[in-house]
Amino acid sequence: MTSTETVSTIFVPYGQGRGRGLDQAELGAHGVEVDRLVALGLPVVPGLTVPASHAASLAQPDVARVAVDLLQQLAGRKFGDATHPMLIRLLASTPQSGAGVRADLPGLGITAASAPALDEIVGSEEAIYEFFAAIIRYVGEHGAGIPGDDFADAQFTASSHAERVEKFLELSSAAGFPFPDDPAGQLARAAEATMRRWASPRARRLRRGQGLPEQLGLALHVQAIRVGAPETCGYGVAESRDPATGAFAPVGTFRRVISHMAADNRPGEPLDNLPGGRELLASALRTLELHMRGAALVEFEVRDAELALLAARRVERPAPRTAIRLALDLAEAGVIDDVTAVGSIRTSDIETLLHPQLQLTGRETEFAHGLPAAAGAAVGRIALSSERAVEWSENGDPVILVAAETSPGDLPGILAAKAIVTVRGGLAAHAAVVARGLGRPAVCGATAIRIDRAGGTVTCAGQSLTEGELISIDGSSGAVYAGAIHVVPPRPGGDLETLLRHADRVRRLGIRANADNGRDAALAIQNGAEGVGLCRTEHQFLGDRLPLVRRYLLAADADEEAAALVELAAAQKEDFLDLLAATGNRPVTVRLLDAPLHEFLGEEAQEVNPMLGLRGVRLALMRTELYPAQARALFSAWVDLAAAGVTPELEVMVPLVALAGELASAAESIHRAAADVEARTGVSVPYTVGTMVETPRAALIADQLAGIAQFLSFGTNDLTQLTYGFSRDDVEAQLLTAYTEQKLLPVSPFASLDPDGVGALIRTAITQARKVRPAIKLGICGEHGGDPASIELCERLGLDYVSCSPSRVPGARLAAAHAAVAVSAPWPVNAARE
Ligand code: PEP
Ligand code: MG
C-alpha cells in the first residue's frame, strides 16, 4: 500500500459491495445482506467490509487506522468524544452464513482511561469492562498464543470486572504482547487474531467436517457502535409476525444496552417502549417481508432514538399459522400468486393445525412406540377392554383403549376412548382405519407392549403401568408416554379455509371422503369433500348392530336367513337415510357388504385365511339375497329423500371382484333391486354400478370390468396386500419396520402407494378400462387417498378423484393442489417443499 487513498479502496462501505462488482465470496454473507438492506432503503448501522481477498491486511496498523478514520466519518462520531463516543465491532463472515468459526468482537476501542466515562454513559456498571476484558483475552489467546488457562486463573483471582481488565492487561504485557491503547492498534490486533484463528488447524478441521473448502475466504466487517444513554439507546431482536395469530404485528424485545453486551442480565422491554417509537421498525419489517417473500427477523439498534439494522434474515420454518397468514398476505399484496401461496404450505402444517398436539419439552421419555396410525394427541386412563373404556368414559374419565388389536365388536370402546393403542396391526388394519375415520388419534403395531388383562398391567421395556394410570399418545409420531402431557387443542382458524379455497382452484383431482354414516359425511363435507368416495356398509353393522349381522351370517336355514335379512335391511335403510341426507346432492359411492367373516364372527368364521376367503362379492354369490336387499334399502332411502328434494348421485359399488362374471352377477342383482323399488314406488332411481379394483386380477382385466362398470375405484389397501402378498394386518409393525430400516423399502407400501408394482397395475387398469369406456370415472379409496405422495402419484396416473377419511380431507385438498403443480412443472416441486 502506498498511500491512505490507495488503502481506502480496499474498504467497502456498507451498501456499495455489489455496486463495486464484488460477489458473495468477497463480501461474505453479511456484506451481501447489508448491501441488500441498503438497496431497500432501510437504515443500516454504519460499517465497512474488508473483502476476503484483502482481509489479512486489516492486521496492519496503518490499514486499521484508515478503517477507523473512515468509520468515524460514516458514523459522524469520534472516539473519545465526551458526549457522543463510539466503539468498534469487528465481525467476520463467510460466503454461506453460519459456516466456520464465529467471530464477533463488539467493543474495540475501549481504553483503561476511557472505560469509566463510557460505563457512566451507558449507565450499566462495569458492562464496558466486561467487553474490554473479553477483547483482551481474545486477542491474547488467538493472536499472541497466551494460554487460555492463564486468563482463567487471572479471572479467578479478580474480584471485579475492572480488576479483571487490569490483570488481563498485565498478563498480556508480561507475555510480551502489550494490549494497544488506541482503537486502530486494537482493531489491527483483533483482525490478526481473527485471521490466525481462521487459519488454525482446528478451524480447518471444522471446515472439513462441515464439508467446506479449507481455504474458504473470510470477509471482515467493521461497524461503528454509537455509545449512548439508556433513555435513547438500545439493542434488540424483532420478528415480523405474531406467533399467536400469524398476523403481521412485530414482536420482540429490546434492552437498553450496547448490542451483544453479554454482561447485562436485565429482562428485555417490549417494543412499545422503543426510543423513537416502533413505527420505523414495523415499516422496515414490512419492506423486508415483501422483499424476502417470507417472515422477517431483524437485529437492530437504536442510537439517539434512531433505528439502524444490524442483521436481517428470513424465518425459515415459520409456525403453520404464521406460514398460512403470511402466504395469504403476500398473495393479497400481489407479491406472489395463489399457486405460490398454496405451494408454500406443507400438508404437515395442516395436520398440526387441525389436530391436537402434545406440548413436549424434549425431556420426556417414551413408554412405547408404534406406527403413527391416526394423527392427533390425547391423554387418558389406560382401559384394557372395550367395556372398561365405555364404563369409565360414562363416568366422565378420559380413557385410552389399549388392546392387542381391535375388531368390529370393540367399536363402542373405540367410540368411548379419546385414543387407541394397539400391539398388533398396521396402517390399513381395522383399528387404524376406524380411528382415522372417527378422527381419533391412534398408535398401532406397538409390538414391544405386553398386555396382561387379567393382572391389569401393560408392560414395555421393563416399565409397567397399571390399568387406570394416565398415558399420553401422539398419533402423528407413534409415541406413547407414561403420565399426562399437556395437550394443545387445534385452532385451525379462518385463514386455513381461505388457503384451501385457493388450493381448490389449483387442483385437478376431485376430493371425496370415506364416510360410513351421516356424522362422518357431514364432517367430510364441512372439511371440503365433494362427495363420499366409499361408504363401507359393513361398518354400519358394528357395535349394537353386530348381533343382527351375526344372525344373518350364522342363519341355520333359508327362513332364518330371510328373517334376519329383513331386519338388516330395515336398519340399513335408516343408516342410508342419514348418510344420503348429510351428503346432499353430491356423489356417494355405497359399497355393498365386504365383511371378512372373522371380523364379525371371530372363531366361528372357521376360515384359515379370512382375508382371502368368503369376502365381498364372493359372499354375495353364496347368499344371493344379500346384495339385492342392501340395494333395495339404498334405493328406497333415495326415493324418500328425493321426495324432500334431496337427490344424491348414487354409485353402487361391488367389492373384491376378480372375475368379470362376479361383477356381472352382482350388477344384475342391483338392477333387479332397482326394478323392484320402481315397481313399488313408481320412481326410477338414477344410479350407476361400479366395482372396486382391489385384486391384481381385477386390475389386469379392467377392460372386461369396464364393459359392465361405469366407474372403478382402486382399493389400494387390498391391492397392496395382494400385490406384495403382505398381510395388511400382520406385516406392518415388525416386518415392514425391519424392511424400511434395512432400506429394502423406502416406506411402508400401506402408507404410501408403491409406484412400481401397485402403481403399474393401476396404470394398466386405467389404460385398459378407458379403451372400452373412455369416460369411465376413476378414483381411489384405499388409505393412500389421504397420503400426499400417493396423491401425487394419483395425479400422475390421471385418476379423477381421491377419497380419504374425513379428517384428512383438508390435507388432501392441499396435496392435490401441490400434485397438480408438480405434475405440470418441469422440475420436481415436491422435493423442495417437504
Ligand atoms: C381397500 O381395500 O383399499 C379398501 C378401500 O377396502 P377395505 O379397506 O374396506 O378392504
Ligand atoms: Mg378392500
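Might you check whether a residue that is in a helix (DSSP H, G or I), over 11 Å from Ala660 (Cα atoms) and away from ligand 1 (no atom under 11 Å from the Cβ) occurs anywhere in the stretch 701-714?
no
Every residue, every condition in (1) closer than 25 Å to Ala751 by Cα; (2) in contact (Cβ under 8 Å) with a residue 60 or more places away in the chain; (3) among the hydroxyl-bearing types (Ser, Thr, Tyr); (4) surrounded by fewer than 20 Cβ atoms within 10 Å (Cβ to Cβ), yes or no:
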{"site": "Arg453", "(1), (2), (3), (4)": "no, yes, no, yes"}
{"site": "Gly456", "(1), (2), (3), (4)": "no, yes, no, yes"}
{"site": "Thr459", "(1), (2), (3), (4)": "no, no, yes, yes"}
{"site": "Gly462", "(1), (2), (3), (4)": "no, no, no, yes"}
{"site": "Thr466", "(1), (2), (3), (4)": "no, yes, yes, yes"}
{"site": "Ala482", "(1), (2), (3), (4)": "no, yes, no, no"}
{"site": "Gly494", "(1), (2), (3), (4)": "no, no, no, yes"}
{"site": "Arg507", "(1), (2), (3), (4)": "yes, yes, no, no"}
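Can you tell me how many residues within the stretch 508-546 are within 16 Å of ligand 1 (Cβ to nearest atom) and farther than 17 Å from Cys804 by Cβ?
The number of residues fulfilling the criteria is 5.
Is at least one residue of the stretch 248-256 surrounded by fewer than 17 Cβ atoms within 10 Å (Cβ to Cβ) and either among the aromatic types (Phe, Trp, Tyr) or within 17 Å of Ala52 (Cα to Cα) (or both)?
Within the stretch 248-256, none of the residues are surrounded by fewer than 17 Cβ atoms within 10 Å (Cβ to Cβ) and either among the aromatic types (Phe, Trp, Tyr) or within 17 Å of Ala52 (Cα to Cα) (or both).
Hey, among the residues in the stretch 414-432 that are surrounded by fewer than 24 Cβ atoms within 10 Å (Cβ to Cβ) and of a type outside the set (Lys, Arg), which one's modelled with the lowest pLDDT?
Here the answer is His430.
Within the stretch 204-211, does at least one residue satisfy the condition of being aliphatic (A, V, I, L, M), in a helix (DSSP H, G or I) and in contact with a strand residue (DSSP E or B) (Cβ under 9 Å, 6 or more places away or on another chain)?
For the stretch 204-211, residues aliphatic (A, V, I, L, M), in a helix (DSSP H, G or I) and in contact with a strand residue (DSSP E or B) (Cβ under 9 Å, 6 or more places away or on another chain): absent.
Looking at Ala282, Ala308, Ala323 in this structure, which one is within 24 Å of the chain's Cα centre (by Cα) and either among the aromatic types (Phe, Trp, Tyr) or not in a loop (DSSP other than H, G, I, E, B) (or both)?
Ala323
Filter the stretch 718-749 down to residues that are in contact with a helix residue (DSSP H, G or I) (Cβ under 6 Å, 6 or more places away or on another chain) and not hydrophobic (A, V, I, L, M, F, W, C) and give me whichever is farthest from ligand 2 (Cβ to nearest atom).
The residue in question is Ser748.
Only one of these is assigned to a helix (DSSP H, G or I), within 20 Å of Val639 (Cβ to Cβ) and either more than 42 Å from the chain's Cα centre (by Cα) or among the charged types (D, E, K, R) (or both): Ala569, Ala562. Name it.
Exactly one of Ala569, Ala562 is assigned to a helix (DSSP H, G or I), within 20 Å of Val639 (Cβ to Cβ) and either more than 42 Å from the chain's Cα centre (by Cα) or among the charged types (D, E, K, R) (or both), namely Ala569.
Answer yes or no: is there a residue in the stretch 741-760 that is part of a helix (DSSP H, G or I), touching a residue at least 60 places away in the same chain (Cβ under 8 Å) and surrounded by fewer than 23 Cβ atoms within 10 Å (Cβ to Cβ).
No, the conditions are met nowhere in the stretch 741-760.
Go through the stretch 545-573 and report how many residues are in contact (Cβ under 8 Å) with a residue 60 or more places away in the chain and of a type in the set (Asp, Glu).
Of the residues in the stretch 545-573, 1 are in contact (Cβ under 8 Å) with a residue 60 or more places away in the chain and of a type in the set (Asp, Glu).
So in the stretch 684-700, with the set limited to residues that are more than 16 Å from ligand 1 (Cβ to nearest atom) and assigned to a loop (DSSP other than H, G, I, E, B), which one is nearest to Asp640 (Cα to Cα)?
Val685
Looking only at the stretch 789-811, filter to residues that are in a loop (DSSP other than H, G, I, E, B) and either within 16 Å of ligand 2 (Cβ to nearest atom) or in contact (Cβ under 8 Å) with a residue 60 or more places away in the chain (or both); which one of those is farthest from Gly510 (Cα to Cα)?
Ser805
Which of (1) surrounded by fewer than 18 Cβ atoms within 10 Å (Cβ to Cβ); (2) part of a helix (DSSP H, G or I) is the odd one out, the single condition Val608 does not satisfy?
Of the numbered conditions (1) surrounded by fewer than 18 Cβ atoms within 10 Å (Cβ to Cβ); (2) part of a helix (DSSP H, G or I), the odd one out for Val608 is (2).
Which residues, counting only those in the stretch 580-619, are among the hydrophobic types (A, V, I, L, M, F, W, C), within 15 Å of ligand 2 (Cβ to nearest atom) and modelled with pLDDT under 95?
Of everything in the stretch 580-619, those that are among the hydrophobic types (A, V, I, L, M, F, W, C), within 15 Å of ligand 2 (Cβ to nearest atom) and modelled with pLDDT under 95 turn out to be Leu593, Ala595, Leu597, Met611, Leu612, Leu614, Leu619.
Is at least one residue of the stretch 227-239 modelled with pLDDT of 90 or more, on the phi < 0 side of the Ramachandran plot and out of contact with any Asp or Glu (no Cβ under 8 Å at 6 or more places or on another chain)?
yes
Being surrounded by fewer than 20 Cβ atoms within 10 Å (Cβ to Cβ) and part of a loop (DSSP other than H, G, I, E, B) is true for just one of Gln155, Gln96, Gln73. Which residue is that?
Within the list Gln155, Gln96, Gln73, the selection yields Gln96.
Looking at Leu27, is it in a helix (DSSP H, G or I) and either over 45 Å from the mean Cα position of the chain (by Cα) or within 27 Å of Phe131 (Cβ to Cβ) (or both)?
yes
Which one is surrounded by the most Cβ atoms within 10 Å (Cβ to Cβ) among residues in the stretch 693-707 that are of a type in the set (Val, Ile, Thr) and within 16 Å of ligand 2 (Cβ to nearest atom)?
This residue is Val693.
Scan the stretch 753-783 residue by residue and report those that are within 16 Å of ligand 2 (Cβ to nearest atom) and among the aliphatic types (A, V, I, L, M).
Leu753, Val758, Leu761, Ile762, Ala765, Ile780
Which condition breaks for Gly786 when tested against (1) closer than 17 Å to Ala503 by Cβ; (2) more than 16 Å from ligand 2 (Cβ to nearest atom); (3) not hydrophobic (A, V, I, L, M, F, W, C)?
Here Gly786 meets the rest and fails (2).
Quick check: is even one residue across the stretch 445-454 within 16 Å of ligand 1 (Cβ to nearest atom) and farther than 30 Å from Arg321 by Cβ?
No, the stretch 445-454 contains no residue that is within 16 Å of ligand 1 (Cβ to nearest atom) and farther than 30 Å from Arg321 by Cβ.
The values are calculated or read from the model by the stated rules, or taken from the named source; none is laboratory data. Quick caveat, the model's predicted, so the values are computed rather than measured. Virtual Cβ from ideal backbone geometry, glycine too; neighbours counted across all protein chains shown.
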